[in-house]
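The values are calculated or read from the model by the stated rules, or taken from the named source; none is laboratory data. Source: prediction; values computed, not measured. Quick reminder, even Gly has a Cβ in these numbers, built from the backbone with ideal geometry, and neighbours come from all protein chains shown. These area figures cover heavy atoms from the full protein model, side chains too; ligands, DNA and RNA do not enter into them. Shrake-Rupley method; radii C 1.70, N 1.55, O 1.52, S 1.80 Å.
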Amino acid sequence: LKTLPRTRYYVRVTILDDTLETASADSWFETSKQEEEWAGKWLTLQEGDTFHPVFSKEFTAEKDIARARLYISGLGMYVADLNGQKIGNEILTPYYSNYRTEIQYQTFDITDLVQTENRIEVRLADGWWKGKFDLGNRPNQFGDGFHLLAEIRVSYTDGAEEVIATDESWLYRGSDTEESGIYDGQIINRLLWEDRENPWKAPAESHPEGKLIARYSLPVLEMEELSVQEVIHTPKNETVLDFGQNFAGFVQFRANFPAGTKIVLDFGEIMQEECFYRDNYRSAKSQFTYISDGREEIVKPEFTYFGFRYVRVTGWPCEVKAEDFVGKVLYSEMDRTGFLETGHAKVNRLYLNALWGQKSN
């Protein structure tokens with residue numbers, strides 16, 4: 001199959017013995033929705049709302065659960081939580097496609113997350129759908145607005161089934177994402193709504209153009225972790241993290257700062273004259289900003305990634321230490337079947353360059 005990347009294969013598996021365990025929904029090989037009509041409707045914001053939204057719905061499951069699944073898609077990207085816990089471990093869903101013709105949806109097994117009283121929240125961001133990412137730096141590549149479609153199907157042990165689908169009973173309001181983009185990065189501002197009203201609102205129904213189809217993109221995951229190899233203090237008085245390897249991903253850190261602390265991470269591939277440099281990114285800002293409200297939490301982007309080796313740190317309220325940061329390497333979940341090591345260090349490095357190029361792209 002790997003030799004024919006332009007060919008799409010569908011496999012249907014019938015489990016004859018219901019005592020067998022089904023594949024994990026965190027794997028790309030997952031059970032998709034059948035051909036019946038979706039009960040859920042595409043939802044969007046009311047006219048005039050342009051902020052990054054979070055949609056929410058509360059529901060009750062009072063009987064013993066046999067199985068529960070979430071079928072979901074969102075434009076441009078989505079992250080879903082159930083009872084405060086992220087659903088699945090994938091990044092950048094629902095992935096890139098020609099959204100005018102097809103929109104992928106994903107399936108997640110949420111059996112272990114469903115409680116008696118439940119609250120699902122889904123955050124949306126620009127992604128490739130409406131963000132700037134081509135050489136012309138143009139917005140709204142495929143469309144505008146934010147759109148959500150979801151169905152939770154709960155099967156009970158008594159044979160009954162319940163469907164919680166996106167409809168007019170869902171609500172939305174502004175999230176803590178102030179900006180997002182593939183090229184520009186993300187701003188998470190915990191104080192974004194501190195001095196402004198942010199009420200829950202009823203959504204509007206929408207009708208994106210593309211046909212909804214079961215996923216074909218492999219999951220993008222946090223596949224590896226890299227440590228900071230050196231903290232550099234440049235002639236321009238910059239503090240720069242060197243991860244020792246160019247990769248695609250982002251940086252994670254623990255926040256425990258006074259409210260109002262603003263941390264800015266700028267990403268670059270090379271240094272120039274011993275200083276941080278990113279002009280080769282052209283108009284791309286390639287930046288992650290976090291504004292604290294005083295809470296302690298693990299911080300990382302949700303709706304973007306970067307290609308980088310070096311990270312300039314601005315606003316860190318104390319001494320910058322290598323152990324305060326970790327690099328999260330993102331690439332498609334895939335089996336590695338080939339390995340090579342020679343007696344020549346530069347040949348080995350050339351081979352690793354090709355390997356990292358494949359991971360990053």
Among the numbered conditions (1) farther than 30 Å from Asp335 by Cβ; (2) open to solvent by 40 Å² or more (accessible area, probe 1.4 Å); (3) over 23 Å from the mean Cα position of the chain (by Cα), tell me where Gln229 comes up short. (1)
Going by what's in this entry, would Asn237 be described as under 20 Å from Ile298 (Cα atoms), open to solvent by 40 Å² or more (accessible area, probe 1.4 Å) and without any contact (Cβ under 8 Å) to a residue 60 or more places away in the chain? no
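Could you tell me whether Thr342 is in a loop (DSSP other than H, G, I, E, B), among the polar types (S, T, N, Q) and without any contact (Cβ under 8 Å) to a residue 40 or more places away in the chain?
Spelling it out, Thr342 is indeed in a loop (DSSP other than H, G, I, E, B), among the polar types (S, T, N, Q) and without any contact (Cβ under 8 Å) to a residue 40 or more places away in the chain.
Listed here are the residues, each with its yes/no results for (1) more than 21 Å from Gly76 (Cα to Cα); (2) more than 19 Å from the chain's Cα centre (by Cα); (3) surrounded by 15 or more Cβ atoms within 10 Å (Cβ to Cβ); (4) not charged (D, E, K, R).
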{"residue": "Ser180", "(1), (2), (3), (4)": "no, no, yes, yes"}
{"residue": "Tyr183", "(1), (2), (3), (4)": "no, no, yes, yes"}
{"residue": "Leu191", "(1), (2), (3), (4)": "yes, yes, yes, yes"}
{"residue": "Asp195", "(1), (2), (3), (4)": "yes, yes, no, no"}
{"residue": "Lys201", "(1), (2), (3), (4)": "no, yes, no, no"}
{"residue": "Ser206", "(1), (2), (3), (4)": "no, yes, yes, yes"}
{"residue": "Ile213", "(1), (2), (3), (4)": "no, yes, yes, yes"}
{"residue": "Glu222", "(1), (2), (3), (4)": "no, no, yes, no"}
Among the numbered criteria (1) of a type outside the set (Asp, Glu); (2) at positive phi; (3) in contact with a strand residue (DSSP E or B) (Cβ under 9 Å, 6 or more places away or on another chain); (4) touching a residue at least 60 places away in the same chain (Cβ under 8 Å), which one does Gly159 miss? (4)
Would you confirm whether or not the range 152-160 contains a residue that is of a type in the set (Phe, Trp, Tyr), assigned to a strand (DSSP E or B) and either out of contact with any Pro (no Cβ under 6 Å at 6 or more places or on another chain) or crowded, with 18+ Cβ neighbours inside 10 Å (or both)? yes
Note on the range 347-361: residues part of a helix (DSSP H, G or I), touching a residue at least 40 places away in the same chain (Cβ under 8 Å) and of a type outside the set (Gly, Ala, Ser) are Trp356, Lys359
Quickly run through the range 161-177 and pick out the residues that are part of a strand (DSSP E or B), of a type outside the set (A, V, I, L, M, F, W, C) and surrounded by fewer than 17 Cβ atoms within 10 Å (Cβ to Cβ). Glu161, Glu162
In the range 37-94, which residues are open to solvent by 30 Å² or more (accessible area, probe 1.4 Å), within 20 Å of Val163 (Cα to Cα) and acidic (Asp, Glu)? Glu37, Glu58, Glu62, Asp64
Selection from the range 180-208 of residues that are in contact with a Ser or Thr (Cβ under 8 Å, 6 or more places away or on another chain), charged (D, E, K, R) and in a strand (DSSP E or B): Glu205
Enumeration of residues in the range 278-306 that are of a type in the set (Gly, Ala, Ser), open to solvent by 30 Å² or more (accessible area, probe 1.4 Å) and either modelled with pLDDT of 95 or more or assigned to a strand (DSSP E or B) (or both): Gly294
Search result, residues across the range 157-183 that are charged (D, E, K, R) and farther than 22 Å from Ala255 by Cα: Asp158, Glu161, Glu162, Asp167, Glu168, Arg173
Out of the residues in the range 254-277 that are outside any strand (DSSP E or B) and of a type in the set (Asp, Glu), which is farthest from the chain's Cα centre (by Cα)? Glu273
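Can you tell me how many residues in the range 307-327 are among the basic types (Lys, Arg) and in a loop (DSSP other than H, G, I, E, B)?
1
The rows are residues; the columns are (1) at pLDDT below 50; (2) among the acidic types (Asp, Glu).
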| site | (1), (2) |
| --- | --- |
| Thr3 | yes, no |
| Glu30 | no, yes |
| Trp42 | no, no |
| Gln46 | no, no |
| Asp49 | no, yes |
| His52 | no, no |
| Phe55 | no, no |
| Glu62 | no, yes |
| Ala68 | no, no |
Looking at the range 63-79, I want the residues that are over 13 Å from Pro94 (Cβ atoms) and have a partner that is basic (Lys, Arg) and not in a loop (DSSP other than H, G, I, E, B) with Cβ atoms under 8 Å, at least 6 apart or on another chain. Which pairs are those? Ala68/Arg153; Arg69/Arg153
Residue count, the range 44-101 (criterion: more than 15 Å from the chain's Cα centre (by Cα), hydroxyl-bearing (Ser, Thr, Tyr) and either closer than 24 Å to Asn189 by Cβ or outside any loop (DSSP other than H, G, I, E, B) (or both)): 5
Taking into account only those residues within the range 307-351 that are at pLDDT below 95 and among the aliphatic types (A, V, I, L, M), which is surrounded by the fewest Cβ atoms within 10 Å (Cβ to Cβ)? Leu340
